[in-house]
Structure formats: C-alpha cells, structure tokens
Amino acid sequence: MMVVEMTGESTGRDLDRICESMAQNKKSFRVVSGRSSSYVMVPDVSRTEDSAGILSLPGVRKVHVSSCCHPLASREIGGTPHPMEIAAGVWINGGEPLVMAGPCAVENRNQLMKSAEGVKKAGAHVLRGGAFKPRSHPYAFQGLGSEGIALLKEARKTTGLPVVTEVMSPEEAEWIAPHIDILQVGARNMQNFSLLKTLGGLGKPVLLKRGMAATVEEWLQAAEYILAGGNERVILCERGIRSFDRNTRNTLDLSVVPLLKSMTHLPVVVDPSHATGKRDLVTPMSLAALAAGADGLVVEVHCEPGEALCDGPQSLTPEEFSRLMELASRVTQALRKEEPAWTM
Ligand code: PEP
Ligand code: MN
C-alpha cells in the first residue's frame, strides 16, 4: 500500500489536494489525523512509480510504498520508539520502566484503597483495577461496574496515580473514557474490531493485550485499527499465550519483547500475573521481562490475596510487590550500565 506522510506544517488544503488526486485516479483512501502526524493511506497502490507525482505536492514529507500489514505500527513508517505521555507527567518508552499495579478487580472501597496505597508506596506509576470483568464463567463475579469506576476515581484522587481499567464494548469505552486515564483491551477482545475502532476515536491511551492465540501480525494489526482512527497512544501488553501445559495458566512469550521492539515503535509491557497464574512466578518473570527490554510491567497486587474475588493465586501482597520493585530497580540499573543493543 501507499502511505503519504504529511509534514507538521501541512494544511487542510494540502490534504484535500492529495485526496482529490486519489479520487481522480479512482483509488480508495483513508485520511489518518493523529496528534503529531497526518497520513493518507492508499491500500491499492503497490508500485513506487505510481507514487512519484505525490511527493512533489505541497505538505508531503514522504511517500512510503509498503507491503507491511500494519504500516502505522511499523518502524518503517512510524519511526523509532519515542516517549509517550500516557497521563499528565507520566511517560512510557522514555527510559525508566513503567509499572502498572493493583487488584484484578475492584471489589469494595476498603480493598481498593488498601491495595492502591500499597502499590503507590512501593513505587508503582499507574493503578490498575477491573470494574467490568471479562469472566469465562457467567456466574463468576462480573465486577462492580459503574460503582467500580467511581471507586477508581476516588483512589486516583487519594494516591495521585493515574488509573487503567478494562472496557469490553464500544458503549462502555465511550462512557468510561472521560473518567479514566488508560483504557485496557483484554486478551479476549483483542480482535473486537468495533471496540478497536471506537478506541481509535477516543484519544485516550490504550493498553492492548495480546489475544491468547494471536500471532504477532494479528496483534499489530489490532493496534493498527486504533492508530488508523488517529489515536497514536497504544501500549502492547504480552500476557501469555495458550499452550498445552497446564502447570502455568498461559505460556509467557518473552521472545516477543525484543522481537516487537525491532518491528514497532510502540511501547511493549509484560503482564507476568496472567501469563503464569502463579504468585511465585511473578517476580522472576517480571525481572526477566525487564532484562528482555520491556518498557514496563502490569502486576496484580491485592491487599489480601487469599480473599480475592478474582485471580487471588496470582496476586502479590503489597509487601511482595514492594520487594519486586526493589529487584526491578536493580535490573534497570544494571541494564542502564550496559544498554542491550536490542533496546536501542
Ligand atoms: C485483566 O487484566 O484483568 C485480564 C482479564 O487480563 P487478560 O485480558 O490478559 O486475561
Ligand atoms: Mn486478573
């Protein structure tokens, strides 16, 4: 396909001129207007010769002809990784790993506030907590819904931490977006295309988890749906893929971290909690993820894991999480001394 990249100074008239030229040549196209760049995506041009005239038009920075199935998510077009601000003053992809932590589900005020204060004290940067839960069992706790969103806002106010929560439908995403800092797409919804399209238009950062049987291309194409809506802030989250061995809940595909870093400019984080399903494996796999070049972690922490309504066996206590943070900072320091080539 052809991707026409506009300069930062290009005008609406410049864009119109390109669209007119595509219409005259009977080419279908789509305009993507992000916060920092605009593109015209033309799927049925595959020859460089056909793009020659476009480059001379005003406002055009570059014309790419690419066979990549996720062009905006690729390094080829999107460039090298760049820092991304995901809430006021909170950055990812810019040096220090970003840690999102908190309970699987918001259960009640006391549980959320205790867990939130615990993760804040240990040094987490973002508070997680599900209000709308995608449970496999229809009779399992489904989350507190709107009451959970209100409690997350309260926890943000007391801790100062931005919050991330899962949305499962376009309608949920639309009403929750103004209240929450980062919207999470769960593994089960990675290819919910209506949801992805809606998130493309909402302008809130999206934590996009890998589907349990998704290939890297399918995952990056899911990210492309969001980018194609003009929303540039997508964070990829590896959370384990389904395999044959039931000793762990899923199989953590850590090789995907350096692989993705070579393919995309988007930040990559790892969720060792859902990947392993076992508390004792969470800290070692968190450290391994950082060593592999992950830009951050998503860790389930509960003030009383034994009492959790959801995912207790994989949840750390605040004390265990605090220890994880200490060890993580040692790994980060060691990496800083000798930056591995694959993170550059
Ligand atoms: C979660 O983060 O609570 C969750 C349900 O994760 P996943 O979609 O990765 O299973
Ligand atoms: Mn969970």
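The values are calculated or read from the model by the stated rules, or taken from the named source; none is laboratory data. The shown structure was predicted, so the numbers you read here are calculated from the model rather than taken from an experiment. With ideal geometry, Cβ positions are generated from the backbone for all residues, glycine too; neighbour counts draw on all protein chains shown. Only protein heavy atoms, including side chains, enter the accessible area calculation; ligands, DNA and RNA are left aside. Shrake-Rupley method; radii C 1.70, N 1.55, O 1.52, S 1.80 Å.
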Tell me which residues, restricted to the range 208-221, are assigned to a helix (DSSP H, G or I), out of contact with any helix residue (DSSP H, G or I) (no Cβ under 6 Å at 6 or more places or on another chain) and open to solvent by less than 40 Å² (accessible area, probe 1.4 Å). V216, W219
Being over 24 Å from G95 (Cα atoms), within 16 Å of ligand 1 (Cβ to nearest atom), part of a loop (DSSP other than H, G, I, E, B) and in contact (Cβ under 8 Å) with a residue 24 or more places away in the chain, is that true of even one residue in the range 285-299? no
Is it the case, given these coordinates, that A101 is in a strand (DSSP E or B), touching a residue at least 40 places away in the same chain (Cβ under 8 Å) and open to solvent by less than 20 Å² (accessible area, probe 1.4 Å)? yes
Looking at this structure, is V282 touching an Asp or Glu at 6+ places or on another chain (Cβ under 9 Å) and in the same structural domain as L220 (by TED's automatic domain parsing)? yes
Tally up the residues in the range 224-242 that are β-branched (V, I, T) and in a loop (DSSP other than H, G, I, E, B), please. 0
Selection from the range 168-183 of residues within 15 Å of ligand 1 (Cβ to nearest atom) and open to solvent by 10 Å² or more (accessible area, probe 1.4 Å) yields M168, S169, E172
The lone exception for G143 - which of (1) of a type outside the set (V, I, T); (2) crowded, with 17+ Cβ neighbours inside 10 Å; (3) part of a helix (DSSP H, G or I) it fails: (3)
Within the range 3-31, which residues are of a type in the set (K, R) and under 18 Å from A52 (Cα atoms)? R17, K26, K27
Name the residue that is nearest to ligand 2 (Cβ to nearest atom), counting only residues in the range 147-167 that are part of a loop (DSSP other than H, G, I, E, B) and either without any contact (Cβ under 8 Å) to a residue 40 or more places away in the chain or surrounded by fewer than 16 Cβ atoms within 10 Å (Cβ to Cβ) (or both). V167
Test P134 against the stated conditions and say whether it is under 25 Å from P267 (Cβ atoms), within 16 Å of ligand 1 (Cβ to nearest atom), out of contact with any strand residue (DSSP E or B) (no Cβ under 6 Å at 6 or more places or on another chain) and open to solvent by less than 20 Å² (accessible area, probe 1.4 Å). no
If L127 meets every condition in (1) without any contact (Cβ under 8 Å) to a residue 60 or more places away in the chain; (2) under 19 Å from S286 (Cα atoms); (3) assigned to a helix (DSSP H, G or I); (4) open to solvent by less than 10 Å² (accessible area, probe 1.4 Å) apart from one, which number is that one? (3)
Determine whether E85 is under 24 Å from E319 (Cα atoms) and either part of a loop (DSSP other than H, G, I, E, B) or modelled with pLDDT of 95 or more (or both). no
Of the residues in the range 184-196 that are within 16 Å of ligand 2 (Cβ to nearest atom) and farther than 20 Å from A155 by Cβ, the one that is surrounded by the fewest Cβ atoms within 10 Å (Cβ to Cβ) is R188
Members of the range 289-302 found to be within 15 Å of ligand 2 (Cβ to nearest atom) and either modelled with pLDDT under 95 or more than 18 Å from R210 (Cβ to Cβ) (or both), listed by number: V301, H302
Qualifying positions in the range 7-37 - open to solvent by less than 30 Å² (accessible area, probe 1.4 Å) and either under 19 Å from R233 (Cα atoms) or assigned by TED's automatic domain parsing to the domain that holds R233 (or both): V32, G34, S37
Of the residues that make up the range 247-259, is at least one open to solvent by 40 Å² or more (accessible area, probe 1.4 Å), assigned to a strand (DSSP E or B) and closer than 30 Å to E218 by Cα? yes
Can you say whether L202 is buried (at least 17 other Cβ atoms within 10 Å of the Cβ) and within 16 Å of ligand 2 (Cβ to nearest atom), as far as the supplied structure shows? no
If P318 satisfies all but one of (1) at pLDDT 95 or above; (2) open to solvent by 70 Å² or more (accessible area, probe 1.4 Å), what's the number of the condition it fails? (2)
Out of curiosity, is L202 among the hydrophobic types (A, V, I, L, M, F, W, C), over 26 Å from R135 (Cα atoms) and either more than 15 Å from ligand 1 (Cβ to nearest atom) or within 12 Å of the chain's Cα centre (by Cα) (or both)? no
